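K.L.:
After the C-alpha cells below, expect a handful of questions from me.
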2 protein chains.
Amino acid sequence: MNKLLDLAKKRKSIRNYKEDDNIELEKILYALRVALEAPSGRNCQPWQFLIIRDKETKKIIRSICEAAEKEFHMKINNEFKEWLKKRGITWRKTFLTEAPYLILVYSNKECPYSIQSTWIAIGYLILALEEQGLASLTYTPSKTIEINKALNIPKKYRLETIIPIGYPAKEKEKEPRMKPSEKIFIDEWGKPLKQ
Amino acid sequence: MNKLLDLAKKRKSIRNYKEDDNIELEKILYALRVALEAPSGRNCQPWQFLIIRDKETKKIIRSICEAAEKEFHMKINNEFKEWLKKRGITWRKTFLTEAPYLILVYSNKECPYSIQSTWIAIGYLILALEEQGLASLTYTPSKTIEINKALNIPKKYRLETIIPIGYPAKEKEKEPRMKPSEKIFIDEWGKPLKQ
C-alpha cells in the first residue's frame, strides 16, 4: 500500500524535456480522466483542458510567454534573482517548445470557487502523470491575454496554468520540503504533532 | 496499475459522518505527509494544516459557520436553492461536529500563488485520505474572520477550507461528471479528443 506517498515523493517539477519523444496520447488521456474526477464547487466542473502538440502553436505560446517574462525578470528583487539563478531559471521558457505536449488548463470564471476547484484537479492531474511515468511542471505565465487571443479562447475562461509534459532531459533533485512538525499543528495553532 | 484513477473515481464528497469512530491519527498524518509533497510557487510551501479533534472547539467552529450560512442561505437564488434541496444541504453543518477530525487548511498570503499551490496540496490530501479509506469534504465557510479570531490564527494566514474526516454515516452516489469529450480539447479550443 502507501503508494500515493511514494508517487507524491517521486514527483518533482521538471523544466528540461527530451524533444519529440514518442509519448502515447493514451497516457495523457488517462491522467486527464483522473483530473475530471476532482470535486468542485456546486459540482460545476469549471475546468477545461486544451492539449497542444503542434510545434507551431507551441512556438507562438513560447514567444508570448517569453516577452512577458523578459519584462518580469527586469523588475524582480535581488533575493528572488538569486533563487532563480541557483536553479538556472531565466526568462527563457524552452520547455514550452521542447516538451512533446502542453496542457493549457482553463477555469470557467462563472463557476463558484473556480480557481480552487481547478487547482484540486491540477493536483490530481500531476500525480496521475507521475503514475504514468511522465514529468510535468505547473508554469503560470504572467500575462495570459495574448495567449488567449492567439488560441481563440472564450472570454469566460481564465488560463490557470500551462503544463509541459514529457520525459526529463536532465536528472534533478526534488526541492526539499519543510518538516511535518513545521506544517502540521494539532488542537491549536503552533502546537506541532508529535511523531 | 491504473490505481489512481480507481481512487479518484471512488472518492466523493461526504456530508454525513459516523461520530466518535476510532480513527488512528496515523492515517491522517499519512495523508498530510502526501500533501506536504505538493509543488508550490517558488517552493514557498504556503500551506499550514491545523487538526482539530476537540469537541468543544468543533462546536465553536460549527456555530460560527452556521451563523454565516443562515445569512447566506437567505440570499441565494431559486435555482441554487433547488440544487441544494435535492442534496439535502441546508445551513446546518452537522459534519463540523460529527466528523471525528477536522483539518483546517491555511495558506500564507505572503507566498506567491498561495491559493493555487495550497489547492494542489488539498487535491493530494483528499486522494490520500481516500487511499486510507477515509471520507472527506472540502467545505469553504463564507466568513472566516471569526473562526480565525477564535483560534488565534496569525493575520498572514488565510483559511482556504475546512475538511471534515471520518467514515460515512450514509452511502451516497458520487455526483456525475461531464464526459471527457466536453472537457478535453486537442490542438484547438472546442475540438474534442477522439476516444
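K.L.:
Looking only at residues that are modelled with pLDDT of 95 or more and open to solvent by 50 Å² or more (accessible area, probe 1.4 Å) in segment A:1-14, which one is nearest to A:K170 (Cα to Cα)?
P.N.:
Residue satisfying both the conditions and the ranking: A:K12.
K.L.:
Quickly run through segment A:171-194 and pick out the residues that are in a loop (DSSP other than H, G, I, E, B) and more than 22 Å from B:K55 (Cβ to Cβ).
P.N.:
Within segment A:171-194, A:E171, A:K172, A:E173, A:K174, A:E175, A:P176, A:R177, A:M178, A:K179 meet the criteria.
K.L.:
How many residues does segment A:1-40 contain that are at the interface with chain B (Cβ under 10 Å from one of its Cβ atoms) and within 22 Å of B:S40 (Cβ to Cβ)?
P.N.:
16
K.L.:
Kindly indicate the residue of segment A:145-157 that is touching a residue at least 40 places away in the same chain (Cβ under 8 Å) and more than 8 Å from every other protein chain (Cβ to nearest Cβ) and also farthest from A:Y101 (Cα to Cα) among those meeting that condition.
P.N.:
Of everything passing the filter in segment A:145-157, A:K156 is farthest from A:Y101 (Cα to Cα).
K.L.:
From the list B:I89, B:I103, B:I60, exactly one residue is out of contact with any Gly (no Cβ under 6 Å at 6 or more places or on another chain) and either open to solvent by less than 10 Å² (accessible area, probe 1.4 Å) or among the aromatic types (F, W, Y) (or both). Which is it?
P.N.:
None of the others qualify; the one that does is B:I103.
K.L.:
Looking at the structure I just gave you, is A:I115 open to solvent by less than 10 Å² (accessible area, probe 1.4 Å), at the interface with chain B (Cβ under 9 Å from one of its Cβ atoms) and hydrophobic (A, V, I, L, M, F, W, C)?
P.N.:
Judged against the criteria, A:I115 is not a match.
K.L.:
Yes or no: B:L96 closer than 24 Å to A:P180 by Cβ and either assigned to a strand (DSSP E or B) or touching a helix residue (DSSP H, G or I) at 6+ places or on another chain (Cβ under 9 Å) (or both)?
P.N.:
When the stated conditions are applied, B:L96 does not pass them.
K.L.:
Of everything in segment B:7-36, what is within 27 Å of B:G88 (Cα to Cα) and part of a helix (DSSP H, G or I)? Give them in sequence order.
P.N.:
Once the filter is applied, which keeps residues that are within 27 Å of B:G88 (Cα to Cα) and part of a helix (DSSP H, G or I), segment B:7-36 yields B:L7, B:A8, B:K9, B:K10.
K.L.:
Residues that are facing chain B (nearest Cβ under 8 Å) and among the small types (G, A, S): does segment A:64-75 have at least one?
P.N.:
no
K.L.:
Looking at (1) touching a helix residue (DSSP H, G or I) at 6+ places or on another chain (Cβ under 7 Å); (2) surrounded by fewer than 18 Cβ atoms within 10 Å (Cβ to Cβ), find the lone condition where A:N22 falls short.
P.N.:
A:N22 satisfies every listed condition except (1).
K.L.:
Could you identify the single residue in B:E110, B:E146, B:E71, B:E66 that is of a type in the set (D, E) and touching a helix residue (DSSP H, G or I) at 6+ places or on another chain (Cβ under 6 Å)?
P.N.:
Testing whether each residue is of a type in the set (D, E) and touching a helix residue (DSSP H, G or I) at 6+ places or on another chain (Cβ under 6 Å) leaves just B:E146.
K.L.:
Going residue by residue through segment A:40-47, is there one that turns out to be part of a helix (DSSP H, G or I) and surrounded by 19 or more Cβ atoms within 10 Å (Cβ to Cβ)?
P.N.:
No - not one qualifying residue is present in segment A:40-47.
K.L.:
Can you tell me which of (1) outside any loop (DSSP other than H, G, I, E, B); (2) under 17 Å from the mean Cα position of the chain (by Cα); (3) within 7 Å of chain A (Cβ to nearest Cβ) is the one B:W83 doesn't meet?
P.N.:
B:W83 satisfies every listed condition except (2).
K.L.:
So, one more: Can you name every residue in segment A:142-190 that is closer than 19 Å to B:F185 by Cα, open to solvent by 50 Å² or more (accessible area, probe 1.4 Å) and under 17 Å from the mean Cα position of the chain (by Cα)?
P.N.:
Listed by number, the list holds a single entry, A:R158.
K.L.:
Which one of B:E110, B:E175, B:E188, B:E160 is facing chain A (nearest Cβ under 8 Å) and either over 28 Å from B:K86 (Cα atoms) or of a type in the set (A, V, I, L, M) (or both)?
P.N.:
When all the criteria are applied, what remains is B:E188.
K.L.:
With the condition kept exactly as written, say whether any residue in segment B:55-77 is outside any helix (DSSP H, G or I) and in contact (Cβ under 8 Å) with a residue 40 or more places away in the chain.
P.N.:
No - not one qualifying residue is present in segment B:55-77.
K.L.:
Which is under 17 Å from B:T144 (Cα atoms) and in contact with a strand residue (DSSP E or B) (Cβ under 8 Å, 6 or more places away or on another chain), of B:I60, B:I103?
P.N.:
Answer to the selection: B:I103.
The values are calculated or read from the model by the stated rules, or taken from the named source; none is laboratory data. Values in this document were obtained by computation on a predicted structure and should not be read as measured data. Counting neighbours? That spans all protein chains shown, and the Cβs are built from the backbone with ideal geometry, glycine included. Heavy atoms of the whole protein, side chains included, go into the accessibility calculation; ligands, DNA and RNA do not. Shrake-Rupley method; radii C 1.70, N 1.55, O 1.52, S 1.80 Å.
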